[in-house]
Every structure is written in structure tokens, then in C-alpha cells.
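Shown next, in C-alpha cells, is the structure this report addresses.
The values are calculated or read from the model by the stated rules, or taken from the named source; none is laboratory data. Quick caveat, the model's predicted, so the values are computed rather than measured. No Cβ is skipped: glycine too gets one built from the backbone with ideal geometry, and neighbour counts run over all protein chains shown.
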Amino acid sequence: MDARGLSFWHDTVDDDLNQRSSLHGDLDVGVAIVGAGLTGLWTAWSLLQAAPDIRVVLLEREIAGFGASGRNGGWCSALFPTTATGLQAKHGLDAAIAMRRAMINTVDEVGRASAAAGIDCDFVKGGTIVYARGEVQRRAAEADIAVTDSFGVDTLQWWDADRVGAAGALGATFDPACARLHPAKLVRGLARAVEAAGGRILEGTAVDAVEPATEGRRAHAMSTLGTVTADAVIVATEGYTPGLRDHRRRILPLYSLMIATEPLPDSVWDEIGISHGQTFSDYRHLLIYGQRTADNRFAFGGRGARYHWGSAIRPSYDRVPAVFEHLRQTLGELFPIIGDVAVTHTWGGPLGVPRDWHAGVGLDRATGLGWAGGYVGDGLSTTNLAGRTLADLVLERDTDLTHLPWVGHRSPNWEPEPLRFLGANAGLVAMTAADAEERATRRPSIVAKAMGPLTGH
């Protein structure tokens with residue numbers, strides 16, 4: 001496998017991307033972490049900062065940062081898959097406010113921790129611009145601001161049209177709680193920092209199952225290369241979780257795809273109105289997301305690739321020419337000034353979607369099994385919060401983090417096939433239809449409202 005071909009980020013990271021050694025035989029450790037993405041690495045880093053003598057091993061099927069951690073849009077944001085309103089309905093107002101504050105603080109914590117670990121990942125906190133293109137989107141932006149103001153935590157601003165450069169934009173919301181970064185630089189640098197702190201990363205090691213502690217036996221992670229026994233086994237596999245025995249319906253892997261353009265001159269960026277450190281999107285239903293990279297490219301992505309039967313994950317699913325063409329067309333519609341700028345990289349990969357669109361983190365002390373995930377694409381910052389929280393749980397520390405409302409949350413399983421296949425793909429079709437409906441009627445979509453429970457909105 002040529003890991004440089006995984007994404008623009010992997011292609012431009014200062015790392016040989018060679019696979020580390022694999023597991024050879026059985027191991028006995030303090031904490032075993034399945035998955036060397038950002039959740040697993042932040043957990044290991046946090047544990048080793050608090051308890052340097054703890055024996056931590058990460059077991060990774062491919063290489064550290066192979067999955068969504070190394071391929072994402074580079075948004076280090078305060079976004080959480082469940083809205084503040086949804087958190088309030090489920091957990092109460094105080095819990096919702098605490099979660100919002102934790103997410104906002106986490107954006108800064110990623111910048112602080114990466115700097116402390118000596119990681120240069122192009123981190124610049126420039127905020128997020130969300131364009132309101134048309135009257136329906138403007139009303140959605142106004143509603144967003146009103147709801148945000150009611151909680152009194154986030155700082156969401158309205159920018160008039162003269163401050164934004166997207167075609168057809170009547171204005172935009174601006175959220176300062178977001179940073180742009182290079183995800184592969186972050187995850188690969190964090191892997192090296194974990195090793196320097198005493199952690200061990202075993203790559204090319206596919207874990208097939210995790211087993212709980214029983215009377216006389218501790219929890220363990222099972223691989224054809226050996227069994228790792230530990231006081232705590234943490235599952236940190238996100239979109240790849242269906243590959244574990246008895247976890248096939250736990251998380252739905254939904255594909256998101258991206259493109260990167262050739263660099264653009266500063267004059268074009270000045271016209272567009274996107275500064276270094278800023279990310280952007282708009283208020284359509286079928287999500288898009290983008291950033292200005294450190295070397296002046298667009299890195300731009302969106303949903304639209306279909307879910308595959310049985311939660312299947314294949315390298316071929318990472319690249320769907322029709323979706324890439326749609327992304328290029330959408331980018332040109334947003335910013336016509338870019339003209340015929342060339343696309344240099346195309347890639348994609350699965351992200352993890354829980355049935356209730358509610359991320360969770362926890363540790364069952366009776367079984368020794370821990371978990372974190374279900375980020376629905378909002379994981380670049382949330383993984384850091386998960387890692388710090390898991391460290392506190394493993395070390396039995398009673399902190400503000402261990403009382404956040406997502407601690408202990410377990411989402412229900414997804415339905416068996418064919419219901420899972422039909423529901424997931426119906427949601428994608430519905431969001432495309434909802435955007436078309438709003439463009440045609442200039443009214444909020446009836447389709448989007450009807451499909452809200454399935455699509456997490």
C-alpha cells in the first residue's frame with residue numbers, strides 16, 4: 001500500500017509513512033487501545049502525561065492516521081453531532097451548556113497540546129464562515145443565531161453580504177471557535193509524541209474482537225497475531241468499528257469525499273474573502289465543508305457518496321468520480337472567480353454515524369471495556385476531548401470531563417439489512433431532494449423536516 005495516495009494530506013506530510021512493527025505473540029499491558037487514529041492517540045497521550053509509568057499499547061490494522069483522522073477536512077471546530085437543543089432535551093440545560101463549553105475549550109486545547117508535543121500541523125484559529133445563499137438559507141442562519149444566543153455560550157455573529165465573497169450569499173454566520181489544520185501532520189506527529197512519551201504502537205495488526213473481563217481473567221483484544229490482555233481495552237475505531245465481531249451494527253460507516261485544488265494566488269483569496277485559518281460551508285442540507293490550506297489550496301469536501309450494503313468498507317469506495325465532479329462544480333458555483341483551477345487530489349473515506357447521531361465515550365469498569373466515537377464527521381476536535389475523558393476514567397479521576405452528558409452514552413444499534421441500507425441511502429437522497437426543493441420553492445424543505453429523525457437534524 002502506498003499511503004501517500006490516501007489523500008492530499010498524506011501526500012504532503014513530512015513522514016515516510018512506513019508501517020511500524022506488528023504484534024508478535026501475546027502481551028500483557030495496562031491499557032490496550034484498538035485503533036491508532038486521533039481518539040486512540042489522544043487517549044494514549046493523555047494517559048502518559050498523567051501517569052508516565054502506565055503501559056499503553058495501540059493496535060492498528062494499517063498505519064497510524066490511516067482512516068478519517070488523516071483524511072478529514074481539517075476543521076478543528078466546536079461542532080458536536082447532537083445540537084445544543086438536542087442535548088438539552090435529552091440531558092437538561094446545565095448539561096447542554098457544559099458540553100458546549102467543553103467543545104469550545106477543546107478547540108484551543110488541540111492547539112495548546114499539539115504545540116506542547118512539538119507538532120507543527122498548520123494550526124491557525126480563524127473561525128468558520130457559513131454562507132447564507134438565498135432567502136431560505138438566510139432564515140436558517142437567523143434561526144441558528146437565535147438558538148445559539150439562547151444558550152449564551154457560543155459567539156455566533158452575522159456578517160452582511162459585503163463581507164463575504166460567495167456567489168449568491170446574502171450574508172454569513174461567523175463562528176470564531178474553529179481552527180484550520182493539516183490533519184495528517186497532526187495525527188502522524190501525535191503518534192511520534194506518544195512513542196516518545198513511552199507508548200507503543202503496533203501496526204499491521206488487525207484486531208478481530210474485544211472480550212470483556214470475566215472472573216479470573218482481564219479484558220483482552222484478540223488478533224490472529226496474538227492476544228493483548230489489559231486492565232482496560234479501549235475501542236477507538238470509529239467508521240471501521242463494524243469490522244469487530246459483535247460490533248457490525250454499532251456504527252454505520254458513511255463515506256465523505258474531498259478534492260484539493262492547485263494553489264491560488266493571494267489576490268484571489270482576497271477577493272473570495274477567506275483568510276488563513278478560516279474554514280467555510282453553507283446552509284444547504286447535503287453537507288459541504290472547505291478550508292484554505294497553508295499553501296493556498298482549496299481542500300473541499302462533502303457528503304453524497306452512498307452507504308454500502310452490510311457496512312462494507314473498500315478502498316474503491318474512497319473514489320467516486322461523479323461525486324468528485326459534483327464537488328468541483330459546487331466549488332466553482334460558490335466561487336466563480338477560481339475559473340478552471342485544476343484539481344490535484346481526490347480522496348475519501350468512511351466516517352462513523354451512530355443510530356441516534358449522539359457521540360459517546362465511556363468505560364465499563366466491570367468489563368474493562370471502553371469506547372469513544374460516533375462523531376459524524378465532527379471528530380477532529382472531539383477526539384481530543386474523548387482522549388482526555390477516557391484518561392480520567394481509566395485513572396478513576398472525578399473531573400468536570402467525566403460528568404459531561406456524553407459520558408456513558410451508548411447509542412442503539414442500527415437496524416439489520418436491508419433496513420440499514422434503505423434508510424441510510426434514503427437519507428442521502430432526501431437531503432439532495434431537500435436542497436432542490438428549497439431552490440425551487442424558496443421555502444424551507446418539507447422533505448428535510450420529515451427526514452430529520454433519520455438524518456440527525
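Could you please find all residues in the range 156-208 being in a strand (DSSP E or B) and basic (Lys, Arg)? Matches in the range 156-208: ARG180, ARG200. Residues in the range 77-133 that are more than 22 Å from ALA299 (Cα to Cα), touching a Lys or Arg at 6+ places or on another chain (Cβ under 8 Å) and assigned to a loop (DSSP other than H, G, I, E, B): THR82 only. Here ASP392 qualifies as surrounded by fewer than 22 Cβ atoms within 10 Å (Cβ to Cβ) and within 19 Å of TRP45 (Cβ to Cβ).
Scanning the range 408-457 for residues that are surrounded by fewer than 18 Cβ atoms within 10 Å (Cβ to Cβ), aliphatic (A, V, I, L, M) and at pLDDT 85 or above turns up LEU419, LEU422, ALA426, VAL429. Residues being closer than 30 Å to ARG217 by Cα and touching a His at 6+ places or on another chain (Cβ under 9 Å) are entirely absent from the range 341-351. Which of the residues that make up the range 401-447 are closer than 30 Å to ALA372 by Cα, among the β-branched types (Val, Ile, Thr), free of Cβ contacts under 8 Å to residues at least 40 places away in the same chain and in contact with a helix residue (DSSP H, G or I) (Cβ under 7 Å, 6 or more places away or on another chain)? The one that is closer than 30 Å to ALA372 by Cα, among the β-branched types (Val, Ile, Thr), free of Cβ contacts under 8 Å to residues at least 40 places away in the same chain and in contact with a helix residue (DSSP H, G or I) (Cβ under 7 Å, 6 or more places away or on another chain): THR402. What residue, among those in the range 224-250 that are within 17 Å of the chain's Cα centre (by Cα) and of a type in the set (Gly, Ala, Ser), is farthest from VAL361 (Cα to Cα)? Top of the filtered list is GLY239. Is it the case that some residue within the range 394-404 is of a type in the set (Asp, Glu) and assigned to a helix (DSSP H, G or I)? Scanning the range 394-404 turns up no residue that is of a type in the set (Asp, Glu) and assigned to a helix (DSSP H, G or I).
Answer yes or no as to whether ARG139 is at pLDDT 95 or above, more than 27 Å from GLY86 (Cα to Cα) and basic (Lys, Arg). I'd like the intermediate steps shown before the answer.
Values: at pLDDT 95 or above: yes; more than 27 Å from GLY86 (Cα to Cα): no; basic (Lys, Arg): yes.
So ARG139 fails the test.
Specify which of the listed residues (ALA232, ALA294) is under 28 Å from PRO176 (Cα atoms), out of contact with any Phe, Trp or Tyr (no Cβ under 6 Å at 6 or more places or on another chain), small (Gly, Ala, Ser) and touching a residue at least 40 places away in the same chain (Cβ under 8 Å).
ALA294
For GLY226, indicate whether it is more than 27 Å from GLU203 (Cβ to Cβ) and surrounded by fewer than 19 Cβ atoms within 10 Å (Cβ to Cβ). Here the answer is no, as GLY226 does not meet what is asked. Screening ASP378 with (1) touching a residue at least 40 places away in the same chain (Cβ under 8 Å); (2) buried (at least 24 other Cβ atoms within 10 Å of the Cβ); (3) assigned by TED's automatic domain parsing to the domain that holds GLU215 gives one miss only, at (2).
Which one of GLY368, GLY352, GLY360 is surrounded by 24 or more Cβ atoms within 10 Å (Cβ to Cβ), in contact (Cβ under 8 Å) with a residue 24 or more places away in the chain, under 24 Å from PHE66 (Cβ atoms) and not charged (D, E, K, R)?
Being surrounded by 24 or more Cβ atoms within 10 Å (Cβ to Cβ), in contact (Cβ under 8 Å) with a residue 24 or more places away in the chain, under 24 Å from PHE66 (Cβ atoms) and not charged (D, E, K, R) holds for just one of GLY368, GLY352, GLY360, which is GLY352.
Looking at the range 251-259, is at least one residue part of a loop (DSSP other than H, G, I, E, B), within 29 Å of ALA177 (Cβ to Cβ) and either touching a Pro at 6+ places or on another chain (Cβ under 8 Å) or assigned by TED's automatic domain parsing to the domain that holds VAL376 (or both)? Scanning the range 251-259, I find at least one residue that is part of a loop (DSSP other than H, G, I, E, B), within 29 Å of ALA177 (Cβ to Cβ) and either touching a Pro at 6+ places or on another chain (Cβ under 8 Å) or assigned by TED's automatic domain parsing to the domain that holds VAL376 (or both), so the answer is yes.
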